[in-house]
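All remarks here apply to the structure that follows.
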Amino acid sequence: MSSRWVRFLLAILCGLALGVLYGWVISPVEYVDTTPDTLRADYRLDYVLMTAEIYHSEQDLDLAARRLALLGSAHPSQIAAEALVTATHLGSPEADRLLVQSLAAALLNWEPSPGGGAP
Amino acid sequence: MNERRSRRRPSLNLGGNLYMLTGLLVGIGLGLLYSWILSPVEYVDTAPISLRADFKDQYRAAIASSYLATGDLARSQARLALLGDPDPLQALSAQAQSAWGAGDPYGSAYALAYLAQALGQPPETPLPSLTPVFHSPTATMPSPTAGPPTVTSPVKTPVRPATAAPTLFQSPTPRPSRTPTPTAGAPLQLASQETVCDPALAEGLLQVEVLDAAGQPVAGAGIVINWPDGESRFFTGLKPELGDGYADFLMTPNVAYSLQVTGAGVLVTGLSVPDCQGEGGDFWGGLRLVFRQP
């Protein structure tokens, strides 16, 4: 009887291993329609840099904030600040860092305009 | 008694196999429960190529606006490559056309068309100017549907998508100048209309070319085409490889269309897919219309 239990438990363990192998390796959950907030840090930085480049040219802070809203619901200045940390960590070119820094500084006191909706 | 024993043996063996099989199935079920639900593979460091289509559109629009601001084509190309479009030029053109058709709610159509045109130019060729009216960036981007941001940990060997050398942005890039658009005083006229029987072209292809008085192509001219069940708008210049004044539309056979170039005042009616004869038999041809300022 105990032998049967041992074999039963072994069968469960084998099945468990097969299930995990199938779920993690053979057919893992596929993410094809991801959202921007899951982007890798360097891609997020590049998106913030694009926003900073556009802001540098257009000087439209509201539009810049709305663009950054694509990366999450945190305050745009926080998103820009995180990107600046990433830029420093990755050793991005000085010109790029300055652009992001300028955007982050400009967004520090930015608040959504009434009626404009949250970013 | 012996008879009963002999009948039990097969069922005992079957039971032995069944509990092993049951254990295996229970294990597989638990494994899948763990790997698919309790602890699925987490994607926290995704790349732009995996973004949902509407987010890709916003990302692409940002790339185009950034190019408009900086003029850094190499960096824009590198960024576009991240989206994994099979044909970035086509993707930009289609999105610009779609944005224009929808009234350009986000003010990105001009930038998209401008970048598309830049990509379609051979290297070292100065960009011709575009005619679409520049939309001041007052439109709002759609608010994200994502939840709170996930701060991803920087990877050890990051791959910067941009390969261009550092660019200094001391002064904003000048806006492209605009070419003269057809004015009310000089309405476009239908200069020619011809049937095109070329089996190499798509069946039902309606080609439109808009030229100014000097015979130069006019980009950004809006074209409205109507048929009994609908209407569509498209623009010249979105396929720069075919000419700045070129635009096309795929007609459906046996449907009558009417077409008008915005502001031209000339309504061309009775357009339909012509029947052509070729070596391999009959096939659907196309039409080519040329509008020109007098």
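On the given criteria, is residue B:222 exposed (fewer than 14 other Cβ atoms within 10 Å of the Cβ) and either free of Cβ contacts under 8 Å to residues at least 24 places away in the same chain or of a type outside the set (A, V, I, L, M) (or both)? Spell out the reasoning first.
Numbers: exposed (fewer than 14 other Cβ atoms within 10 Å of the Cβ): no; either free of Cβ contacts under 8 Å to residues at least 24 places away in the same chain or of a type outside the set (A, V, I, L, M) (or both): yes.
So residue B:222 does not fit the description; no.
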Kindly check whether there is at least one residue in region A:104-119 that is open to solvent by 30 Å² or more (accessible area, probe 1.4 Å), within 9 Å of chain B (Cβ to nearest Cβ) and modelled with pLDDT of 90 or more.
no
So in region B:264-294, with the set limited to residues that are open to solvent by 60 Å² or more (accessible area, probe 1.4 Å) and in contact with a Pro (Cβ under 7 Å, 6 or more places away or on another chain), which one is modelled with the highest pLDDT?
B:284
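Residue by residue, here is whether (1) more than 19 Å from the chain's Cα centre (by Cα); (2) of a type in the set (Val, Ile, Thr) holds:
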{"position": "B:236", "(1), (2)": "no, yes"}
{"position": "B:257", "(1), (2)": "yes, no"}
{"position": "B:261", "(1), (2)": "yes, yes"}
{"position": "B:279", "(1), (2)": "yes, no"}
{"position": "B:289", "(1), (2)": "yes, no"}
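Please work out if residue A:95 is without any contact (Cβ under 8 Å) to a residue 24 or more places away in the chain and open to solvent by 10 Å² or more (accessible area, probe 1.4 Å).
Values: without any contact (Cβ under 8 Å) to a residue 24 or more places away in the chain: yes; open to solvent by 10 Å² or more (accessible area, probe 1.4 Å): yes.
In short, yes.
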Can you find even one residue in region A:8-21 that is within 30 Å of residue B:75 (Cα to Cα) and more than 7 Å from every other protein chain (Cβ to nearest Cβ)?
no
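Residues of region B:187-218 being out of contact with any strand residue (DSSP E or B) (no Cβ under 8 Å at 6 or more places or on another chain) and over 27 Å from residue B:254 (Cβ atoms), which ones?
The initial filter retains those residues of region B:187-218 that are out of contact with any strand residue (DSSP E or B) (no Cβ under 8 Å at 6 or more places or on another chain), namely B:187, B:200, B:214, B:216.
Within region B:187-218, B:187, B:214, B:216 meet the criteria.
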Residue that is least open to solvent (accessible area, probe 1.4 Å) [pool: residues in region B:31-64 that are more than 7 Å from every other protein chain (Cβ to nearest Cβ) and assigned to a loop (DSSP other than H, G, I, E, B)]:
B:39
Can we say residue B:232 is among the hydroxyl-bearing types (Ser, Thr, Tyr), open to solvent by less than 40 Å² (accessible area, probe 1.4 Å) and modelled with pLDDT under 85?
yes
If a residue must be open to solvent by less than 20 Å² (accessible area, probe 1.4 Å), more than 8 Å from every other protein chain (Cβ to nearest Cβ) and either acidic (Asp, Glu) or more than 17 Å from the chain's Cα centre (by Cα) (or both), how many such residues does region A:42-72 contain?
2
Evaluation of residue B:102 against (1) within 21 Å of the chain's Cα centre (by Cα); (2) free of Cβ contacts under 8 Å to residues at least 12 places away in the same chain; (3) within 8 Å of chain A (Cβ to nearest Cβ) (one fails), failing number
(3)
Is region A:15-27 home to any residue that is touching a helix residue (DSSP H, G or I) at 6+ places or on another chain (Cβ under 8 Å), open to solvent by less than 60 Å² (accessible area, probe 1.4 Å) and in a loop (DSSP other than H, G, I, E, B)?
no
So, in region A:1-48, of the ones that are out of contact with any Phe, Trp or Tyr (no Cβ under 8 Å at 6 or more places or on another chain) and of a type in the set (Phe, Trp, Tyr), which residue ends up farthest from residue A:99 (Cα to Cα)?
A:5
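The values are calculated or read from the model by the stated rules, or taken from the named source; none is laboratory data. Bear in mind that the values here come from a model prediction, so they are computed numbers and not experimental data. So basically every Cβ, Gly included, is an ideal-geometry build from the backbone, and we count neighbours across all protein chains shown. Surface accessibility is based on the protein's heavy atoms, side chains included, excluding ligands, DNA and RNA. Shrake-Rupley method; radii C 1.70, N 1.55, O 1.52, S 1.80 Å.
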